[in-house]
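Trainee: Structure provided below as structure tokens; questions to follow.
The values are calculated or read from the model by the stated rules, or taken from the named source; none is laboratory data. Keep in mind that this is a model prediction, so the values were computed, not measured. As a convention, Cβ positions derive from the backbone with ideal geometry for all residues, glycine included, and neighbour counts pool all protein chains shown. Side chains are part of the model used for accessible areas, which takes the heavy atoms of the whole protein and leaves out ligands, DNA and RNA. Shrake-Rupley method; radii C 1.70, N 1.55, O 1.52, S 1.80 Å.
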Amino acid sequence: MLVVHDQVRLHEDTIEKIRKSLDIVDIVGDYVQLRKQGRNFVGLCPFHSERTPSFSVSPDKQLYHCFGCGAGGNLFTFIMEIEGMSFSEAAQFLADKAKIDLGPSLSKTSAGGDARDQSKKQLSEGMDLLTKFYHYLLATAKFGKSGMNYLNDRGFTKDMIERFQLGYAIDSWDTATSLLERRQVNLGQMEKAGLIGKRGFDNKYFDRFRNRIIFPIFNPRGQTVAFAGRTLGDEKPKYLNTPESSLFHKGKILYGYHLARQSIRKSNQAVLLEGYVDVIRAHQAGVTNSVASMGTSLTEEQAAMLFRAAETIIICYDSDTAGIEASFRAAAMFQESNKIVKIAKMPEGFDPDDYIRKFGGERFKSDVIGASQTLMTFKMDYFRRKRNLVDEGDRLLYIEEVLKEISTLKRAVERDHYLRLLAEEFSISLDALKRQEMQMYKAAKRQEERRDRERPVILNRPDRIAPAYEMAERRLLARMMRSRKVTEHVRDMLGGTFAIELHQALAAYLYAYYEEGNPPDEGLFIQRLEDPGLQQKAVELSMIPMSDQAEEREIEDCIHQVIKHSKAAVIADKEEERKQAEQSGHYQLAAQLVSEIIGIKKQLNAHNAEQE
């Protein structure tokens, strides 16, 4: 949801110019894999976990809406939510893309921005400065000779060193610290982010990275958010990493994603590796759609990034036991999706870096990535490793494990294929395997149904059928956002007579919006709303599918439903008042209320007759 309390600091004309200069499909498409469906584009929602697409982007309205979680808004909203930016940061980000100079309006925003935004901005600038500085040291023979020799010995090309902005921290206690001090960077802030250290005995700052190759870690926008430093020798620790900070959340970053994004989109395929060096080496070999989970177990957030980006995910972890286990866990995260998941099997004793250095990039592409196993084949191999198939008991347990996995496959052709493989390998009747697999499938189904029954009933479910008056109010407001004429008619007929408070507020804003002489532009109207709840509701209503032109009968029917509900509510209130009056002995008041109720009912009947 869009928080726009600071947008007043930017001139409305500037905001509108940015909004009209960019296409929301292009902006969202950098984060979500979209496919055309009718007039809109659909994809997996980036704001909640889902397996089937419920996220819709309208190029006509320049709006997005998720029918699953309710998230919605425009360009500014999307960037604020997905990048965790304030409005002014999002405006600057989008202005840069549109090549629009925000000029003095931005400086005002920055000067008055909150302390947290300023702190993040200063930290980002400090990291950018150090990225350039370490890279300069590596590229300069006087300082970077030992670092460059190490990279040359490891086979890193100049192009890859440039592409990934690799650097070198010289063996000094204060080189980086002195630079930061000269540039008036807040050293305390740099120390908290783990970029420099602080001595306990004299409180002086010092360089944390010394005599190490520096791997800058970038966010999806290509901004440095952290560093990893690898020692040139055998010193411990081998890798020294900056901790998490306001800019860096390890579980939300995929190393190399900012460079791989375009290649992933073009090939519709992502290759998932384990570490920094593997990614750099893979890019050097031409596998430019490679990213890494940075040696940690894949997180839900990282998996979601890949989910949204590509149809096929190839997991290529190390060949050791830890790598195989990590592959199995990562594969499980993708299993319930409609994505194609493959496992690239590394020869024993090799990681991607070792393999490419020994056999070359072409063999890596053809014999490892190109020869990726299906997920089911990988699982069969995985279970096999844990069993001694010569032993009858282990053999039966292995067959049972594989049958359980086969029973989860969605396509009948796949199930049949793997059942035949199992039958051939162990000389077992195919019919017997099919019967047992079906029993497992039915048992799993019963267990799932039992869980569903035991789940607590959730009231006010989002898929409830709304009453007629609510649907009428929704359609009226959707039409009003598209038409000044409809708005004026509704204002004359209903004014503020909307039963739902959010609808009342939206109607009031629409009356004021058109009074100011604004055109019927849903995107512009939504941009002017400052309340997040109103914005989200307006986007939701704007995305209701309806014909381009409103028919008079449709509008009158909706108005009738609203009036009918309004009068029925008044009658109900007066009936309650009448009962209380009679119980209290105020018979004259009760008689007056009866008269009023009769009058309202006559009005309602007359209105009903008109509609017929």
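Trainee: Among the chymotrypsin sites (Phe, Trp or Tyr not before Pro) in segment 184-254, which ones are in a DSSP loop with at most 10 other Cβ atoms within 10 Å of the Cβ? Mind listing them?
Mentor: Numbers: sites: PHE201, TYR205, PHE206, PHE209, PHE218, PHE227, TYR239, PHE248; in loops: PHE201, PHE209, PHE248.
In loop regions of segment 184-254 (DSSP not H, G, I, E or B), the sparsely surrounded chymotrypsin sites (Phe, Trp or Tyr not before Pro) are PHE201.
Trainee: Taking only C-alpha pairs under 8 Å that are 6+ residues apart, what is the relative contact order of the chain in percent?
Mentor: Working: 831 pairs, mean separation 60.3, N = 612.
Computed over the chain, the figure is 10 percent.
Trainee: Sticking with this one: How much area per residue is accessible in segment 359-516 when the probe is 1.4 Å and only protein heavy atoms are counted (Å²)? Show your work: numbers first, answer last.
Mentor: Numbers: 9890 Å² over 158 residues.
The answer is 63 Å² per residue.
Trainee: Can you give the percent of C-alpha pairs in segment 504-547 whose distance is more than 14 Å? Don't jump to the answer; show the numbers that get you there.
Mentor: Numbers: 441 of 946 pairs.
That tail contains 47 percent of the Cα-Cα pairs.
Trainee: Another one. Under a 5 Å amide H to amide H cut-off, with H placed in plane at 1.01 Å, what residues pair with LEU63 once short-range neighbours are removed?
Mentor: For LEU63, whose amide H was placed from the backbone, the distant partners under 5 Å are SER58.
Trainee: In debye to the nearest 20, how big a dipole does the chain give about its Cα centre with +1 on each Lys and Arg Cβ and -1 on each Asp and Glu Cβ? Don't skip to the answer; put the middle values down first.
Mentor: Details: 88 positive and 89 negative charges, 302 e Å.
Using Cβ point charges on Lys, Arg, Asp and Glu, the chain gives about 1440 debye.
Trainee: Could you tell me the calculated FRET efficiency between LYS204 and TYR136, based on Cβ-Cβ distance and R0 = 25 angstrom, to the nearest 0.05?
Mentor: Details: r = 25 Å, r/R0 = 0.98.
My answer for the efficiency is 0.50.
Trainee: Can you give me the C-alpha center-to-center distance between segment 130-193 and segment 400-448, rounded to a whole angstrom?
Mentor: 56
Trainee: Go ahead and run the numbers for FRET between ASP367 and GLU425, Cβ-Cβ distance against an R0 of 22 Å, rounding to 0.05. Show your work: numbers first, answer last.
Mentor: On the way: r = 24 Å, r/R0 = 1.11.
So the FRET efficiency works out to roughly 0.35.
Trainee: Also, I was wondering about something else. For HIS258, HIS65, give the ranking by accessible area with the largest first, probe 1.4 Å.
Mentor: Ranked list, largest accessible area first: HIS258, HIS65.
Trainee: Also, quick follow-up: Kindly report, to the nearest 10 Å², the accessible surface of PHE41 as traced by a 1.4 Å probe over protein heavy atoms only.
Mentor: 40
Trainee: Counting only Cα, what are the radius of gyration and maximum Cα-Cα distance Dmax of segment 129-201, in Å?
Mentor: So, for segment 129-201, Rg and Dmax equal 13.8, 44 Å respectively.
Trainee: Could you list log10 I(q)/I(0) for segment 209-315 at q = 0.15, 0.16 Å⁻¹, which the Debye formula gives when each Cα is one point scatterer?
Mentor: The computed values of log10 I(q)/I(0) come out as -0.61, -0.69.
Trainee: Mind checking which of THR77, PHE93, VAL57 is farthest towards the positive end of segment 3-97's charge dipole, using Cβ charges of +1 (Lys, Arg) and -1 (Asp, Glu) about the Cα centre?
Mentor: The Cα lying farthest towards the positive end belongs to VAL57.
Trainee: Take ARG210, ARG154 and sort them by solvent-accessible surface of the protein heavy atoms, 1.4 Å probe, largest at the top.
Mentor: Details: ARG210 70, ARG154 50 Å².
Descending order: ARG210, ARG154.
Trainee: Using the Cβ atoms and a cut-off under 14 Å, what net charge is assigned to the surroundings of GLY43, where Lys and Arg are +1 and Asp and Glu are -1?
Mentor: Values: positive: ARG35, LYS36, ARG51, ARG265, ARG308, LYS339; negative: ASP26, ASP30, GLU50, GLU311.
Counting the neighbours of GLY43, the net charge comes to +2.
Trainee: Can you give me the % of accessible surface on the chain that is carbon or sulfur? Probe 1.4 Å, all protein chains present, nothing else counted. List each step's numbers first, then the result.
Mentor: On the way: 15310 of 31060 Å².
That fraction is 49 percent.
Trainee: Here's something else I'd like to know. Any chance you could get the radius of gyration and Dmax over the Cα atoms of segment 184-249, in Å?
Mentor: Just the Cα atoms of segment 184-249 yield Rg and Dmax of 12.8, 40 Å.
Trainee: Still on this structure: How large are Rg and Dmax for the chain when only the alpha carbon atoms are used, in Å?
Mentor: 31.5, 103
Trainee: Okay, helix-only estimate at 222 nm for the chain: each DSSP H run of n ≥ 4 adds -39500 (n - 2.57), divide by all residues, round to 500 deg cm²/dmol; what do you get? The partial results should precede the final answer.
Mentor: Numbers: 26 runs with 338 residues, N = 612.
Helix contribution divided over all residues of the chain: -17500 deg cm²/dmol.
Trainee: Hey, what D do you get for segment 457-595 in µm²/s if you plug the Kirkwood alpha-carbon radius into Stokes-Einstein at 20 °C and 1.002 mPa s? Display every interim value, and only then the final one.
Mentor: Numbers: Rh = 16.9 Å.
In µm²/s, the coefficient rounds to 127.
Trainee: What length, rounded to one decimal in nm, is gained on full extension from ALA591 through to GLN504, with 0.36 nm per residue of separation minus their alpha-carbon distance? Mind showing how you got there, number by number?
Mentor: Working: separation 87, 0.36 × 87 = 31.32 nm, distance 3.26 nm.
Computed gain between ALA591 and GLN504 is 28.1 nm.
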